[in-house]
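Take a look at the structure below.
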Amino acid sequence: MDNFIAEGTQHTPNISMNASTGVISMSGQSYPENTFEFYQPVMAWLLDFFASTPQTDIEVNMEIIYFNSGSSKFFFDFFDIFDAEKNNYKITINWIYNPENTRALEAGEDFIEDFVNLSINLVTTK
Amino acid sequence: MTLSTPDKELLHEIETLKHDFNHTIDKLTKDIKRHSKIILRSDHRQQYEYDALQKRHQEVKDLNEEIEATQCEVVFTLGAIGEHRSKETGYHVKRVAQYTYLLAKYSGIAEEECELLKQASPLHDIGKVAIPDAILNKPGRLDADEFTVMKEHAQIGYEMLQYSQRPLLKTAAIVAHQHHEKYNGTGYPQGLEGKQIHIYGRITALADVFDALSCRRVYKASWKDEAIFAYLKQERGEHFDPKLIDIFFDHLDEFIAIRSQLEDTY
């Protein structure tokens, strides 16, 4: 299946999802005008990806410096999909944040709290 | 007791419903809990970001004010250097600045441009830094050759400032170049006439002469007000733009007020 690549904009993050390596990355800020619409293809890709029964471990790197509530909702929904697949694959999620950005850290902690069975690491940027 | 097949099926169906129901309830509970968390965190982030934004905005504003104040002071100081060599006081450039602002304002020039002229006009005599002391500070009248040298300060000032792309210094270049032009075309260095002279030049010419006549200089005592006013009226349309002379007399009290506030102390 095709990889998914989206260049970041002022309101949206860089998104790169590689079907063959299983590496999924998002970096930048996320406050699109219509968050649901913006992330719909991302969700669709991920569902297709799992439906294609990939033969790979999965690594998710999230480095989001600022995001709106809609994006927050999306992240939860996004992680729900991994949560549902956690027994079928080795899934590692890295929530990457700048140590000075305590809001990003808090968000990461919220995900850990919510997804107790997912392997979510809090990783600081250098 | 053995259950009939339909009952078994019914029970099984109820069990499935119960399972689905519980699953849905769990999901709803999770979503509700998540939702309030999302909103709480989001509000927190927004507050933080907006506070940070406001703080940065204020910093930029402060910095801008600092830059403008510094620029203003540097220009005054620079102007005062030229004046100091000719034994003028620093107040001369400050008064000229205020007079040019008033004249510009009542000429209908936009506020921003008035402010620009106010800041630039103190540099009108900057070219005097290149005039020898013997001429600049000569007590008594200059002879023809000396006057020729003295007149060069307008061109020199222009040449010093003309290459700048900064609006302030561009304005100052015009002022330095044209503040000795006369409305009737007999001024220097270009002998421009009427509206050929930039409005900045016409304004500064009047501001500079009014101040020069009002104040004592090395080569002369200050003039009495009646004599100054008579002279300015006499030069209406000759040395000075008639409209500016009219503005000056229409708002005379304001010009006099500036003169008193920024009086030289000897």
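The table for this structure:
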| quantity | calculated |
| --- | --- |
| Candidates B:Thr171, B:Thr24, B:Thr70: whichever shows maximal mean-square fluctuation once chain B is modelled as a Gaussian network with Cα springs under 10 Å | B:Thr24 |
| Share of pairwise Cα separations in the range B:22-61, more than 16 Å, in percent | 55 |
| Taking the convex hull of Cα positions in the range B:180-248, its mean projected area over all directions (nm²) | 4.5 |
| Normalised convex hull volume, the range B:137-202, alpha-carbon set, Å³ per residue | 97 |
| Most fluctuating residue given options B:His124, B:His12, B:His44, as computed from a GNM of chain B linking Cα atoms under 10 Å | B:His12 |
| Ranked list, fewest to most other Cβ atoms within 10 Å of each Cβ, for A:Phe74, B:Phe21 | B:Phe21, A:Phe74 |
| Violating pairs (Cα-Cα greater than 31 angstrom) within the set B:Lys170/B:Lys243; A:Lys86/A:Lys126; B:Lys170/B:Lys224; B:Lys61/B:Lys94 | B:Lys170/B:Lys224 |
| Positive minus negative residues near B:Tyr101 (Lys, Arg vs Asp, Glu; Cβ under 13 Å) | -1 |
| Length-normalised contact order of chain A in % [C-alpha pairs under 8 Å, at least 6 apart] | 21 |
| Neighbourhood net charge (13 Å Cβ-Cβ; Lys/Arg +1, Asp/Glu -1) for A:Phe78 | -3 |
| Compactness of chain B as Cα Rg over 2.2 N^0.38 Å, two decimals | 1.97 |
| Largest-first ellipsoid semi-axes for the range A:67-126, taking √(5λ) over the Cα gyration tensor eigenvalues, angstrom | 20, 14, 8 |
| Relative contact order of chain B, pairs being alpha-carbon contacts under 8 Å that are 6 or more residues apart, as % | 16 |
| Solvent-free Debye scattering, log10 I(q)/I(0), computed from the Cα coordinates of the range B:108-170 at q = 0.25 Å⁻¹ | -1.00 |
| Fewest-first sequence of B:Tyr231, B:Tyr158, B:Tyr50 by Cβ atoms within 10 Å of each Cβ | B:Tyr50, B:Tyr231, B:Tyr158 |
| Reciprocal of mean inverse Cα separation for the range B:170-210 (Kirkwood radius, Å) | 9.6 |
| Debye intensity ratio in log₁₀ form over the Cα atoms of the range B:136-266, taken at each q of 0.11, 0.16 Å⁻¹ | -0.43, -0.94 |
| Length-normalised contact order of the range B:167-266 in % [C-alpha pairs under 8 Å, at least 6 apart] | 22 |
| Normalised per residue, the volume of the convex hull around the Cα set of chain A (Å³) | 98 |
| DSSP-assigned coil residues among trypsin sites (Lys or Arg not before Pro) in the range B:1-102, each with at most 15 further Cβ atoms within 10 Å | B:Lys87 |
| Residue among A:Asn98, A:Asn34, A:Asn61 with the largest mean-square fluctuation in a Gaussian network model of chain A, springs linking Cα atoms under 10 Å | A:Asn34 |
| Principal semi-axes in Å for the protein assembly as shown [√(5λ), Cα gyration tensor, largest first] | 82, 21, 18 |
| For the range B:1-146, alpha-carbon Rg relative to the globular expectation (2.2 N^0.38 Å, N residues) | 2.75 |
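Read-outs throughout are calculated quantities, based only on the coordinates presented, and are distinct from any laboratory measurement. Model, not experiment: these values are computed from the prediction. Heads up, the Cβs are rebuilt from the backbone with ideal geometry, glycines too, and the neighbour counts pull from every protein chain shown.
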